[in-house]
Amino acid sequence: MTSTQAGAGTGTGTGTGTATGASAVTRRGGRPLTRWAAGVALAGVSVVLLCRALDVDGVTPLPQLLAFLPWLLLPGAVGTGLAALARWRAGLVWGVVALALTGWFFRPYGEAEAPQGRAVAQLRVLTSNLEFGGVTEELLSTVRRERPDLVFVQECELRCSAVLKEQLGERYPYRSLVEATGAEGSAILSRYPLRRTPGVDGTLGMPGAVAEVEGRDVRLQLAHPMPPLPGGVGLWRSELAELRSWAQAGAGTPTVLAGDFNASQDHAAFRRILDAGLRDSTRLAGGARTPSWPASTAPVLGAQIDHVLVSREFSARDARFLDLPHTDHRSLVVDLTLHAAQ
């Protein structure tokens, strides 16, 4: 009896010890794995944030990831949550800092002060990427409804150019075109008299012009640099630099630079264009970041790479993104006011 009881007691004690030991091993084995997953998530986020903080775009895949910087809040939150689950204090601090930096960079970049001179003219500007000219009819409907004064069209191939001239020739008798096949074609349409300028050299068509608006010259330039494709980041960077040089060359003259920049405010190459004296009209109008590409997931998920940039002689009252079917970009229409020099 005594022996049996002792054996039972010994067996019970051994079983309890084994279960407790297994649980401890599971906890010890689980935490390093959770900590490792947290570190991977936070390291990826931190590399992108470091590029943003150092004002560089880096190499593939960093320029592509920088376009979606606001969405780093998601992996940042996951990494922070995993660090908390693993009771990893350093990782938790790391995650909180990463989330704070992402929120800081989410803020609109550049100046937003309105000019003080008297209003000279009201302008409505529309920019639209047609994805190889496939939505020309939808663009015609949008132009007739919105009645912009200036229209910037990217990826307007030969048929698109012909349709625009035929259907909108009376309303927009002044044009600066690059008539070409595929994505290389582009157009500037204007209600105001235009003098064509050479534009900016690029792989894709980027026409330029000078419009006469209420007796004042307004420089116009369509933007459509190459996207930062793997293996093509250098070309993307150099074409954005050409646009920056164009902006700098016209300092002191009212300027509108509009189109598909294939870049967001989180790209250093784009911020340098703003630093050349231009401002993003969506910010001037009080708007928040609004993804414009890819249209299939925007505005829930995407990047704002379509912009209307203006010089300090302009203020903006309203900026709206429009959905056109059968294109991968949303169009942008902005109401501007041109002010007299002080």
Is it the case that region 191-199 has a residue that's under 21 Å from His329 (Cβ atoms), in contact with a Ser or Thr (Cβ under 9 Å, 6 or more places away or on another chain) and not charged (D, E, K, R)? yes
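Based on what the data block shows, is Ala6 closer than 22 Å to Ala90 by Cα and either at pLDDT 95 or above or among the hydrophobic types (A, V, I, L, M, F, W, C) (or both)?
Values: closer than 22 Å to Ala90 by Cα: no; either at pLDDT 95 or above or among the hydrophobic types (A, V, I, L, M, F, W, C) (or both): yes.
In short, no.
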Exactly one of these conditions fails for Ser264: (1) closer than 22 Å to Arg124 by Cβ; (2) surrounded by 22 or more Cβ atoms within 10 Å (Cβ to Cβ); (3) of a type outside the set (Asp, Glu); (4) touching a strand residue (DSSP E or B) at 6+ places or on another chain (Cβ under 6 Å). Give me its number. (1)
Any idea which residue in region 187-221 is surrounded by the most Cβ atoms within 10 Å (Cβ to Cβ), counting only those that are of a type in the set (A, V, I, L, M, F, W, C) and over 23 Å from the mean Cα position of the chain (by Cα)? Val218
Take the conditions modelled with pLDDT of 95 or more and surrounded by fewer than 15 Cβ atoms within 10 Å (Cβ to Cβ) and apply them to Ala41. Does it pass? no
The conditions are (1) out of contact with any Gly (no Cβ under 6 Å at 6 or more places or on another chain); (2) farther than 20 Å from Ser190 by Cβ; (3) open to solvent by 20 Å² or more (accessible area, probe 1.4 Å); (4) not hydroxyl-bearing (Ser, Thr, Tyr), and Glu313 fails exactly one of them. Which is it? (2)
Select from region 117-153 the residues that are touching a helix residue (DSSP H, G or I) at 6+ places or on another chain (Cβ under 8 Å) and aromatic (Phe, Trp, Tyr) and list them in ascending order. Phe132
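Restrict the check to region 64-72 and report whether at least one residue is open to solvent by less than 10 Å² (accessible area, probe 1.4 Å) and either part of a helix (DSSP H, G or I) or at pLDDT 95 or above (or both).
Residues of region 64-72 that are open to solvent by less than 10 Å² (accessible area, probe 1.4 Å), as a first pass: 66, 69.
Filter once more, so that each one left must be either part of a helix (DSSP H, G or I) or at pLDDT 95 or above (or both): 66, 69.
Within region 64-72, one or more residues are open to solvent by less than 10 Å² (accessible area, probe 1.4 Å) and either part of a helix (DSSP H, G or I) or at pLDDT 95 or above (or both).
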Out of all the residues in region 48-61, which are under 25 Å from Trp36 (Cα atoms) and either touching a strand residue (DSSP E or B) at 6+ places or on another chain (Cβ under 9 Å) or surrounded by 19 or more Cβ atoms within 10 Å (Cβ to Cβ) (or both)? Val48, Leu49, Cys51, Arg52
So the check is Cβ under 6 Å with 6+ separation or different chains; which pairs have a first residue in region 230-247 that's over 13 Å from Phe270 (Cβ atoms) and a second one that's assigned to a helix (DSSP H, G or I)? Val233/Pro63
Can you tell which of Val125, Val120, Val151, Val135 is surrounded by fewer than 22 Cβ atoms within 10 Å (Cβ to Cβ) and of a type in the set (A, V, I, L, M)? Val120
Top-ranked residue in region 278-311 [being under 30 Å from Arg216 (Cα atoms) and part of a loop (DSSP other than H, G, I, E, B); ranked as modelled with the lowest pLDDT]: Gly287
Residues in region 81-93: is at least one touching a residue at least 12 places away in the same chain (Cβ under 8 Å), in a helix (DSSP H, G or I) and either touching a Gly at 6+ places or on another chain (Cβ under 7 Å) or among the hydroxyl-bearing types (Ser, Thr, Tyr) (or both)? yes
Under 8 Å between Cβ atoms, at least 6 apart or on separate chains: pull out the pairs that start in region 272-293 with a residue that is more than 16 Å from Asp260 (Cβ to Cβ) and touching a residue at least 12 places away in the same chain (Cβ under 8 Å) and end on any residue that is of a type in the set (D, E, K, R) and open to solvent by 60 Å² or more (accessible area, probe 1.4 Å). Arg272/Arg244; Ala276/Arg244; Gly277/Arg312; Arg279/Glu111; Arg279/Arg312; Ala285/Arg317
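The values are calculated or read from the model by the stated rules, or taken from the named source; none is laboratory data. Note that the structure is predicted; figures quoted are calculated from it, not measured. Positions of Cβ are backbone-derived with ideal geometry, glycine not excepted, and every protein chain shown enters the neighbour counts. Surface accessibility is based on the protein's heavy atoms, side chains included, excluding ligands, DNA and RNA. Shrake-Rupley method; radii C 1.70, N 1.55, O 1.52, S 1.80 Å.
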